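Chemist: Sharing a structure with you now.
The values are calculated or read from the model by the stated rules, or taken from the named source; none is laboratory data. Because the structure is a prediction, the values reported are computed rather than measured. Every residue, glycine among them, receives a Cβ derived from its backbone with ideal geometry; neighbour counts consider all protein chains shown. Ligands, DNA and RNA are stripped out before the accessible areas are found, and what is left, the full protein with its side chains, is counted by its heavy atoms. Shrake-Rupley method; radii C 1.70, N 1.55, O 1.52, S 1.80 Å.
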Amino acid sequence: MSNVDLNAIATEISAGLLEIGAVKLQPNDPFTWASGIKSPIYTDNRQTIGYPKVRSIIAQGLATLIKNKFPDVEVIGGVATAGIPHAALVADILDLPMIYVRAQPKDHGAKKQLEGYDVTDKKVVLIDDLISTGGSVLGAAKAVTAEGGNMLGVAAIFTYELPKADENFAAQGLEYFAVTNYSNLINTAANEDYVSHDDVEMLTNWRNELAK
C-alpha cells in the first residue's frame, strides 16, 4: 500500500471526524483542557462508534495501516476503553485474535490486566483512539510485554504530532502510526469550510507552540 493511498485514507477519516463532531475546531473560542491548556481543538473519538459509516472507514483504515506497517502482526489489542471497539472491528477484518488491556490489573479474581488471548511469544499491535504524549498506550504496551507478548507497535485514529510522543515511544523502542493527524485534519477542515484558510495559520501556530 502506497503513501498516496494512506494519505487519501487520512483525508477521508479527517472529513468523517469533522462531520460527526468527534473533532471540533474553535480557533476564536478555545476550549479549556483538563490540564488548563487553552486549545482551539477538542477531540472525542469515542463518538465514532455511534456512526456506522465513519467507524467502518476508520476500521478499514486501521487495518490497511497495520497491514502496511506491521505485516507480521499476530494479535490485535485494544487499549481500554476507547481503543477496544476499534480493535474488535480491525481484528475481525484481519481475522486475527484480539485482546484488550485494562489501565490497571483487576483487584480481584485472577487480577488480570490483559483479556482475550494468550500473547506469549505473539506479535502484538495495540490500537488506541488518540495519541497526545503516548502515556496510556505505552503503559498498556508494557503490560503486553510483561505477559510475554512481542510488541510490534501502536496504531491510532489520530495524533497531535507532538515531539513528546515521538520521544516517549523512542524511549520504549516502539513505533506508532495514526490513520490521520493534526496537520491533515486542519487542512481538511479548511478545504471543507469548517474553518477559514486564515484560521489555519493560527491553528498551526498553536500546535507548534504546544510542541516546544
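Chemist: Which value, in Å² and to the nearest 10, is the accessible area of TYR160 when all protein chains are kept and the probe is 1.4 Å?
Modeler: Accessible area, nearest 10 Å²: 10 Å².
Chemist: Same structure again: May I ask you to compute the full-extension gain from ALA171 to ASP193, defined as 0.36 nm times their residue separation minus their alpha-carbon distance, rounded to one decimal in nm?
Modeler: Between ALA171 and ASP193, full extension yields 4.0 nm more.
Chemist: Label points 7 Å out from Cα along the Cβ direction at ASP121 and ASP95: separation in nm?
Modeler: My value for the distance between the label points is 2.4 nm.
Chemist: Tell me, how many Å apart are the Cα centres for the range 129-146 and for the range 175-192?
Modeler: 21
Chemist: Assuming 0.36 nm per residue, please report the length gained on full extension of the stretch ALA80 to ASN150 beyond their Cα-Cα distance.
Modeler: 23.3 nm
Chemist: Next up: Report the net charge of residues surrounding ILE20, where surrounding means a beta-carbon distance below 12 angstrom and charges are Lys +1, Arg +1, Asp -1, Glu -1.
Modeler: Its environment carries a net charge of +2.
Chemist: Could you list, in their original order, any pairs among LYS24/LYS212; LYS123/LYS164; LYS67/LYS164; LYS24/LYS164; LYS69/LYS112; LYS67/LYS212 whose Cα atoms are separated by more than 31 Å?
Modeler: Checking Cα-Cα distances, LYS67/LYS212 exceed 31 Å.
Chemist: In whole angstrom, and with the biggest value first, how far do the Cα coordinates of the chain range along each principal axis?
Modeler: Result, largest extent first: 53, 35, 30 Å.
Chemist: Using only protein heavy atoms and a 1.4 Å probe, report how much of SER196 is accessible, in Å² to the nearest 10.
Modeler: The accessible area of SER196 comes to roughly 50 Å².
Chemist: Give me the percent relative contact order of the chain, please, defined on Cα pairs under 8 angstrom at least 6 residues apart.
Modeler: 20
Chemist: State in Å² the accessible area per residue of the range 58-156; use a 1.4 Å probe, count heavy atoms of protein chains only, and round to the nearest integer.
Modeler: That works out to 43 Å² per residue.
Chemist: Only Lys, Arg, Asp and Glu count, each charged at its Cβ (+1, +1, -1, -1), so figure out the dipole size of the chain about its Cα centre, rounded to 20 debye.
Modeler: Dipole magnitude for the chain comes out near 620 debye.
Chemist: At 1.4 Å probe size, with the rest of the protein present, what percent of the exposed accessible area of the chain is carbon and sulfur atoms?
Modeler: The computed percentage sits at 48.
Chemist: Please list ASP129, ASP29, ASP198 in order of solvent-accessible area, largest first, computed with a 1.4 Å probe with all protein chains present.
Modeler: Listed by decreasing accessible area, they come as ASP198, ASP29, ASP129.
Chemist: Kindly sort ASP199, ASP121 by accessible area of their heavy atoms, largest first, with the probe set to 1.4 Å.
Modeler: Most to least solvent-accessible, the answer reads ASP121, ASP199.
Chemist: Accessible area of TRP33, 1.4 Å probe, to the nearest 10 Å²?
Modeler: Counting only protein heavy atoms, TRP33 exposes about 60 Å² to solvent.
Chemist: Sticking with this structure for a sec: Taking the Cα centre of the range 1-118 as origin, sum charge times position over the Cβ atoms of Lys and Arg (+1) and Asp and Glu (-1), and report the length of that vector in debye to the nearest 20.
Modeler: 360
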